[in-house]
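What follows is a single structure, written as structure tokens, with notes after it.
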Amino acid sequence: MHLHRYEKIWLMLGGGALILFIIILGINSFHMGMMPPSDMRVIDVTKVDQTPPFDKPGLKQISEKEYDLNMTAFTFGYAPANLEVPVGSTINFHATSKDVVHGLQIPGTDVNMMVLPGYINSTTHTFDQPGEYLILCNEYCGAAHELMATHLIVK
Ligand code: CUA
């Protein structure tokens, strides 16, 4: 079979791009792992209720204006359910799921993370404005997904 020189070059470029793409994809999925990028702490998903600090989910004051919030997500809610902190508080969110993949988003802030079974994900935010903040699930998790929400009151 005779291939034109330009056709050969074109085939080599195409083939090379394909091989490069497969290598990058392979490194991403096998070497780096399909894990939450911000945090890689793991937890036994069947023992969330027995594993500190998630055995007692809630707000824990760690300094004058800083709180740790240990939160569990489940179909279809969050524990603890309703929260209140003073204006100017910094909250360190630590969340894990007791069943499927959920989300934890607070619209109007940069709090937006996946809550995965088997992993503990964290983020931090300082609430300088008073108000009632909606905490909602933004990952489809089942029939009552749209009802999965709670509130954080900052005053
Ligand atoms: Cu939990 Cu959607």
**Fill in**
Counting sequence-distant residues (5 or more places) and residues on other chains, those with an amide H built under 5 Å from that of SER97 are ALA73, LEU116, GLY118, TYR119
**Item:** MRE, 222 nm, helices only [DSSP H, n ≥ 4, -39500 (n - 2.57), over the chain, to nearest 500]
**Value:** -5000 deg cm²/dmol
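If you take all C-alpha pairs in the chain, what percent of them are over 28 Å apart? Working shown, then result.
On the way: 4270 of 11935 pairs.
Result: 36 percent of Cα pairs exceed 28 Å.
For the peptides 41-51, 16-26, 106-116, 70-80, what is the packing order when you average, over each peptide's residues, the other Cβ atoms within 10 Å and list the highest mean first?
Numbers: 41-51: 13.3, 16-26: 10.0, 106-116: 16.5, 70-80: 19.6.
Descending mean neighbour count gives 70-80, 106-116, 41-51, 16-26.
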**Request:** Report the label-to-label distance for LYS155 and MET1 in nanometres (one decimal), using points 7 Å from each Cα along the Cα→Cβ vector.
**Result:** 7.6 nm
**Prompt:** aspartates and glutamates near LYS47 by alpha-carbon distance under 16 Å, same-chain residues fewer than 8 away left out - which ones?
**Reply:** ASP55, ASP99
**Fill in**
Tilt, helix 5-26 to longest principal axis of the chain (alpha-carbon atoms), in degrees rounded to tens, equals 30 degrees
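To make sure I understand, if each residue's beta carbon is the centre and we count other beta carbons within 10 Å, what order do SER89, SER97 fall in, fewest to most? Write out the running numbers ahead of the final one.
Numbers: SER89 19, SER97 28.
Ascending Cβ contact count within 10 Å gives the list SER89, SER97.
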**Fill in**
Residue by residue through segment 57-64, the couplings from Karplus 6.51 cos²θ - 1.76 cosθ + 1.60 with θ = phi - 60°, in Hz, x for Gly and Pro, are x, x, 8, 10, 6, 10, 7, 3
**Asked** Got a sec to turn the phi values of segment 65-74 into Karplus ³J(HN,Hα) couplings, 6.51 cos²θ - 1.76 cosθ + 1.60 with θ = phi - 60°, whole Hz, x for Gly and Pro?
**Response** 10, 9, 10, 9, 10, 9, 10, 10, 10, 8
**Complete:** Taking a crude spin-label model, label points 7 Å out from Cα along the C-beta direction, the VAL87 to GLU146 distance in nm is 3.5 nm
**Prompt:** Just how large is the dipole of the chain about the Cα centre, in debye to the nearest 20, putting +1 at every Lys and Arg Cβ and -1 at every Asp and Glu Cβ?
**Reply:** 520 debye
**Item:** MET12 versus GLU64: modelled label distance in nm, points set 7 Å from Cα along the beta carbon direction
**Value:** 6.9 nm
**Request:** Could you compute the FRET efficiency for PHE30 and ASP99, with r as their C-beta to C-beta distance and R0 at 41 Å, rounded to 0.05?
**Result:** 0.95
**Prompt:** Where a Cα-Cα gap under 21 Å defines reach, which lysines qualify for LYS155, not counting those fewer than 8 residues away within the same chain?
**Reply:** LYS60, LYS65
**Item:** Nonlocal amide H pairs with GLY103, under 5 Å, H built at 1.01 Å
**Value:** VAL115, ASN138, GLU139
**Asked** Which whole-Hz ³J(HN,Hα) couplings does segment 76-81 yield from phi under the Karplus relation 6.51 cos²θ - 1.76 cosθ + 1.60, θ = phi - 60°, glycine and proline marked x?
**Response** 10, x, 10, 10, x, 7
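FYI, it's all coordinate maths here, none of it is from the lab. Owing to the predicted nature of the structure, the values given are computational and were not obtained by experimental measurement. Glycine gets a Cβ as well: all are built from the backbone with ideal geometry, and neighbour counts include every protein chain shown.
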